[in-house]
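K.L.:
I'd like to ask you about the structure that follows.
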Amino acid sequence: MAPLRRRFIQLAGGASFLALLGCNRQEQGMLTLYTFGDSILDCGRYNEFGVHPGQLLVQNDDRLFPEFQGQDLKSRQPARLEHRARDGATVDSMLAQVQGLRVEGKAIALITIGGNDLLRGLIRDSGAGITTFANTLDTFVQNLPIRPVLLGNVYDPTLGDDRRNFLGIEPAIARKNLQRMNTAIQEIANRYGQLVDLHAHFLKGDPSWFTAMIEPSLRGASEVRRVFLPYIIGK
């Protein structure tokens, strides 16, 4: 019995070692999806299921969105989400989102920012406000220790329809500054990563994609996911 017991311990020890080795390999192969920015990515509070785009990119909810079954990161490799985007964020508050950030292994960063900056005054900008925004965002992305970076631009919640103007300012001024901001975002994306054109996609949408006037609804969260998805799977 003694030799048999020793053999069992050896096998158990070997199994534990192999399990540990497998765990380490899985951790090394893990892809982490990081989200930074505003409510375009942090819109869970605006739907009854608490769903936001980062969740759906890592693992689709097949019950809610059967169209996307198998179209997520976990269907292809070990993956996890580190969700740092915050509803209401502006470009000046993004530094708080990288506090304590530790990046290990493969990673992709998603960033959406600018909508709240527009609402807080840049939609009326006639001077250097959007230039200051761009410089601040450029510094953030340049120093972010994650590559690749996928940078989403700002969509138009009026769907290009001046009759849906909710800001009380001349639509032509608002659209000009939205374009200026999105041009700045594109230039930064070209330098450090990839632009994801949420603006163009949402112009093809309808009011059901929004809630609370400007926030992504449940459908909107999925549509944000739809635009990021080809770049995520491609990376």
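The values are calculated or read from the model by the stated rules, or taken from the named source; none is laboratory data. Quantities reported herein were computed from a predicted structural model and do not represent experimental measurements. Here Cβ is always computed from backbone atoms with ideal geometry, including for glycine, and neighbour counts include all displayed protein chains.
K.L.:
So in region 127-185, with the set limited to residues that are surrounded by 12 or more Cβ atoms within 10 Å (Cβ to Cβ) and among the aromatic types (Phe, Trp, Tyr), which one is farthest from Ala212 (Cα to Cα)?
P.N.:
Filtering first and then ranking leaves Phe140.
K.L.:
Filtering region 80-114 down to residues that are in a loop (DSSP other than H, G, I, E, B) and of a type in the set (Asp, Glu), which residue is surrounded by the fewest Cβ atoms within 10 Å (Cβ to Cβ)?
P.N.:
Result: Glu104.
K.L.:
Tell me, which residue of region 150-193 that is outside any helix (DSSP H, G or I) and acidic (Asp, Glu) is farthest from Ala85 (Cα to Cα)? Steps first, answer last, please.
P.N.:
If we filter region 150-193 for residues that are outside any helix (DSSP H, G or I), which is where we start, we get 150-161, 165-170, 193.
Next, from what is left, pick out any that are acidic (Asp, Glu): 156, 161, 170.
Numbers: Asp156: 20, Asp161: 29, Glu170: 31 Å.
Filtering region 150-193 for residues that are outside any helix (DSSP H, G or I) and acidic (Asp, Glu), the one farthest from Ala85 (Cα to Cα) comes out as Glu170.
K.L.:
Inside region 115-149, can you point out the residues that are small (Gly, Ala, Ser), part of a helix (DSSP H, G or I) and either in contact with a helix residue (DSSP H, G or I) (Cβ under 8 Å, 6 or more places away or on another chain) or farther than 30 Å from Arg102 by Cβ (or both)? If you could, list the steps in order and put the result at the bottom.
P.N.:
Kept after step one, since they are small (Gly, Ala, Ser), are these residues of region 115-149: 115, 121, 126-129, 134.
Next cut, part of a helix (DSSP H, G or I) only: 115, 129, 134.
If the condition is that a residue be small (Gly, Ala, Ser), part of a helix (DSSP H, G or I) and either in contact with a helix residue (DSSP H, G or I) (Cβ under 8 Å, 6 or more places away or on another chain) or farther than 30 Å from Arg102 by Cβ (or both), then Gly129, Ala134 are the ones that fit.
K.L.:
Follow-up question, since we're still on this one. Do we have any residue at all in region 203-215 that's surrounded by fewer than 19 Cβ atoms within 10 Å (Cβ to Cβ), at pLDDT below 95 and closer than 16 Å to Leu119 by Cβ?
P.N.:
Yes, region 203-215 has at least one match.
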